[in-house]
Amino acid sequence: MRIFSVLLLVLATIGMNEAIAFELYSKDFTNGGYIPPKFTCIGEDISPELRWTNPPKDTKSFVLIVEDLDAPGGVFYHWSVYDIPPTVHELKEGTKEYKQGLNDFGNIGYGGPCPPPGKPHRYYFNLYALNISSLGLKEGANIKAIQEKIRSHILGSAFLFGLFKR
């Protein structure tokens, strides 16, 4: 009973809206689960559907960055999408909407998981809520420019990670 009372006090102090987590999820794979081949280089190589809920108050735009932390040469960037309006809470499967950055394959847009054969790699889908409506970058910006622009404007973040192995 004492824990419940403390929880109520905390919720009352920070407000109910603040207690609800900013979340990113997909109907195509679960957090920590395997990414279906359809969304990889051995399948259709299209982006999965992504949805999010409960972004921070005062969000003016979103940025999505997808990275492979297990790549042999260090972090490998598979996708970046930016200047997503605050009223949007999903990216449809295979989306080409909004501004998309240059991936480490050298293409603009999504480049699905394509690790060397062996152990599974972890792919992090990182969604950032920003306090600015635009990064002021043209389509095809590189990841360093995107990261530099968002650095001091992040209100909150949510992530989803999936595994893939060849």
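The values are calculated or read from the model by the stated rules, or taken from the named source; none is laboratory data. Here the structure is a predicted model, which is why all the values come from computation and not from measurement. In this analysis, Cβ positions are derived from the backbone assuming ideal geometry, glycine residues included, and neighbour counts consider all displayed protein chains.
Criterion first (at pLDDT 95 or above, out of contact with any Lys or Arg (no Cβ under 7 Å at 6 or more places or on another chain) and not acidic (Asp, Glu)) does residue 63 satisfy it?
On the way: at pLDDT 95 or above: yes; out of contact with any Lys or Arg (no Cβ under 7 Å at 6 or more places or on another chain): yes; not acidic (Asp, Glu): yes.
The answer is yes for residue 63.
Scanning segment 69-92 for residues being of a type outside the set (A, V, I, L, M, F, W, C) and buried (at least 21 other Cβ atoms within 10 Å of the Cβ) gives a total of 4.
Checked against the criterion of being over 19 Å from residue 98 (Cα atoms) and either in contact with a strand residue (DSSP E or B) (Cβ under 6 Å, 6 or more places away or on another chain) or of a type in the set (D, E, K, R) (or both), segment 129-136 contains not a single residue that satisfies it. Taking first residues from segment 149-166 that are more than 10 Å from residue 130 (Cβ to Cβ) and partners that are of a type in the set (D, E, K, R) and in a strand (DSSP E or B), the Cβ contacts under 6 Å between residues at least 6 apart in sequence or on separate chains come to 158/23; 161/122. Screening segment 40-135 for strands (runs of 3 or more DSSP E) wholly inside it with 3 or more residues that are not hydrophobic (A, V, I, L, M, F, W, C) returns the ranges 61-68, 76-84, 121-130. Among residues of segment 21-35 being aromatic (Phe, Trp, Tyr) and in a strand (DSSP E or B), the one that is farthest from residue 122 (Cα to Cα) is 25. A single entry from 135, 163, 130, 155 fulfils the requirement of being over 19 Å from residue 87 (Cβ atoms) and among the hydrophobic types (A, V, I, L, M, F, W, C): 163. Of all residue pairs spaced 6 or more apart or on separate chains, those with beta-carbon atoms under 6 Å, a first member in segment 128-143 that is within 21 Å of residue 76 (Cβ to Cβ) and a second member that is in a loop (DSSP other than H, G, I, E, B) and modelled with pLDDT of 95 or more are 141/101.
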